[in-house]
Structures are given as C-alpha cells and as structure tokens.
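Report on one structure; see the data block that follows.
Coordinate-derived values only; no laboratory data. Not measured: the values here are computed from a predicted model. Neighbour counts run over all protein chains shown; Cβ positions are idealised from the backbone, glycine included.
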Amino acid sequence: MSKKKKIVVKIGSSLLANSDKLTLRYAFMNGLMNDLAHLQKEGHDIILTSSGSVALGLNMIGKRPEDAGILDKQAAAACGQPLLMNAYRQVASEYDMDVAQMLVTVGDMEERRRFLNIKNTMLRLFESDILPIINENDSIATHDLRVGDNDRLSAKVAQMINADLLIILTSVEGLYDRDPSEPGAQFISEIEDVSEHLESTTGISALGSGGMLTKMQAANMAQNAGVETIIADGIIERPISSVLNNERRFTRCLVTGETLSPLKVWLSNRLKVSGTLVVPKAVASAVAEGTCGISRSDIISIQGDFSKGDVLHVYDEEGTEIARGLTNFSSEETMLMARNLDTPVEDVIGYKTKADVIAVENILVLEDNHLLLDAPEDDQKIVAPV
C-alpha cells in the first residue's frame, strides 16, 4: 500500500479489556500501536476510535457490566478514561509515537459548526504526526444524548475527514449470512450494497454497546460518504497491516455509485432527530422529486425545540421519513408562521424574509440506501391544517 491514505480504525471494548477481570489486554494494545506506528511512518494519516473507558472504570466503582446502570457507566467512564489514555500514551511512546485525546458527544457531531471545529483539530494533529484517539464522552452523555456506539461514531469521523478507509476491528472475522455459530453459515467477503445486510444480526457483546448490526450501520454511513469499510478480527500481530496487505480474510464494504456533496453527506448521516416537520402527501412527492423546498403553508405539524440552521427530518402523513434539510427558522418562528398563514411573515416574526422553512438547495432526499429514523411520537405540536 504505497499511496498515502487517511484511515479511521475502530477498536471495541472486547478487544481492549478482559471481560472477566476488566483489565487492559496489553498484548493486543502493543500489537495495535506497533502496527499503527509503522503505518504512520509510511505517511498515512490515522485516527483511532477507541472504546474501553467504561469497562476499565467499572472495577473502581465496584460494578459488573451486567449490573451497571447509566449513572454507574458515567462514573466508570470518568474513572476509566484516564487509565485508558495513560496506557495508550505509555505504549505509544515505546514506538516513538505521540497521541492526543478527543472526547465528543452526539451534539458535537450533529451541530455543523462544532463538527467542522473537530475536523480542523484533527487535521492540525495530522500536520504534527500526532495520533488522535477519539471516544464518546460517556461521563456526561445521557441515554438521549449519546452517539450510542463507537461503530457509528467512527463512521462519522471517517465522513468528517474524507477518509479513504474505515477499519472496524471486532471479535469475529467479518460478516456471515447468519449467526456464525449456526451450521452452514457462509462468510461474506465483499458487499456492494450494505443496506441489504443491515439486519444480519443483533447480537451484542458483554462489554460493548453494539453488535454486528451497528457495524453494518456504520458501514452504511461510510458507504454513503464514499468511504470503504473493512470489518475484521482484531488479532494481536499486525491487526491493521495484515488486512491492508490481504494476508487474511475479512469483509470489505465497497464504495459504489456517486458520492454526495460534503453537506448532503453530513445531512444523511444523522444519529438523532432534533426536529421534525410533517407535510401532506402531495408536498412529500414534490420534495422527493427535488422540485421544491418546504414553505410554511406546507406544514401539518412540527416537533422539537430547534434553532435556525438545525437539521430537520421531514415525514409524510404516514410517518415515513422522506428528506432532511437545514431550517431557516427556529421552532418558535416556524410555529408562528404556520399558524398564521393569512398574516404577512414580517408581521408574524418581526422581520422581512421570502425564505422557505427549508430551501430546496438545502434538502437531502432520502433513498433506500440511507438509514431512516422513525418519527417521534411524543410531544407532537399540531399547527393549522393545510
């Protein structure tokens, strides 16, 4: 592999921590950092997305993974993150490599300005040959505000830096057509359309927060962003370069079709719903055809407390998500405009504008290969009927 590449590597808790003793597996960590150091010296830019802080901190608070609640896990993350980073720093120094810690929340990844700030920080670290190690800030993230798993976080990071490759190391060789423990299970070495395999399995390891399903969701997000994904077993000796040199088998998720613009890729890969609009069937069809934006008279109902510039999810009356787009108005302004259709906009919100709630150029029409999010059922705010 002579061409310089930008590579995102994701490591799960089950590879880093002993499931019984909840201690670091230093043999794996040494093999990993040795391999990454060689790749970095070859000129590749690498980001490591690493789990493990919660698993390592559980011992300190006297809890087992199966008994830990959300507050236990938050406290464990606060205890375990320094242990994890100190171990990475010590092992990396043996291979003349510097590391940096970056902790993020779902808000950092979903809000455009913070998303770009994180990207710029990573690119600056690349300039100094420093390995960024990124993890979700589990000590402050609640259930509703979490990315949810580092598989999808790694896909967001790969999208962020326009990576060439996302490598997800796990406890199995790759994807099978069914549970690999079942007789006759067939290994899948190459995938063209990841969306066809999203329901392969829902199994979850004892220490991790995701199973093969979240890995396929991550691969789907990466594929939509033009990033190839590899899912492979996290072996001790040369876990990354052995894959890059095709020395063992793994599952490769290819990039097919045309990649969207960076803005529309960002719109497509959402991890939570911050605000929604429901529109009539006729409007939904026009939006799906890419012929119009969404005006105040198109809205049946809205949900969420959002600000100008946030991403709204657009649903038809049957609850099917059809599009996502950047709103030109806050939730309060949108509500007022939709409830007062007979009053000029400037009289309703206090300033003159001809903008749609979502402009046509800021809309991403969703296709079959995108991950759709269910419409929220709670706290729906009904406005004037169309």
- line: With the dipole of segment 6-264 defined by +1 on each Lys or Arg Cβ and -1 on each Asp or Glu Cβ, the option from 229, 68, 36 whose Cα lies farthest towards the positive pole is 68
query: In nm, what is the difference between 0.36 nm times the number of residues separating residue 30 and residue 123 and their Cα-Cα distance?
result: 31.0 nm
- request: Tell me what the chain gives for mean residue ellipticity at 222 nm when only DSSP H runs of n ≥ 4 count, each as -39,500 (n - 2.57), the sum divided by the residue total, rounded to 500 deg cm²/dmol.
  value: -10000 deg cm²/dmol
- request: Return the FRET efficiency for the residue pair residue 23, residue 346: r is the Cβ-Cβ distance, R0 is 45 Å, and the value is rounded to the nearest 0.05.
  value: 0.10
- line: Listed by chain and number, the residues whose amide H is under 5 Å from that of residue 137, excluding neighbours fewer than 5 places away on the same chain and using placed H, are 104, 105
task: Straight distance only, please: which aspartates and glutamates reach the Cα of residue 281 with their own Cα at less than 14 Å, same-chain residues fewer than 8 apart left out?
output: 289, 298, 316, 317, 318, 321
task: Compare the peptides 316-326, 216-226, 340-350 by average per-residue count of other Cβ atoms within 10 angstrom and give them in order, highest first.
output: 216-226, 316-326, 340-350
- prompt: Pairs 272/352; 4/73; 5/215; 215/272; 119/308; 119/352: which exceed 29 Å Cα-Cα?
  reply: 272/352; 4/73; 119/352
- request: Once you have the Kirkwood Rh of segment 273-382 from its Cα pairs, apply Stokes-Einstein at 20 °C and 1.002 mPa s and quote D in µm²/s.
  value: 155
- prompt: Highest mean first, what order results for 357-367, 253-263, 162-172 on Cβ atoms within 10 Å?
  reply: 162-172, 357-367, 253-263
task: Could I have the simple spin-label model distance between residue 116 and residue 245, label points 7 Å from Cα toward Cβ, reported in nm to one decimal?
output: 4.2
Student exercise, the chain dipole from Lys, Arg, Asp, Glu Cβ charges, in Debye to nearest 20: 1180
task: Could you calculate the contour length gain from residue 193 to residue 98, that is, 0.36 nm times the residue separation minus the distance between their Cα atoms, to one decimal place in nm?
output: 30.5 nm
field: Gain in span if fully extended, residue 308 to residue 254, counting 0.36 nm per residue against the direct Cα distance
entry: 15.8 nm
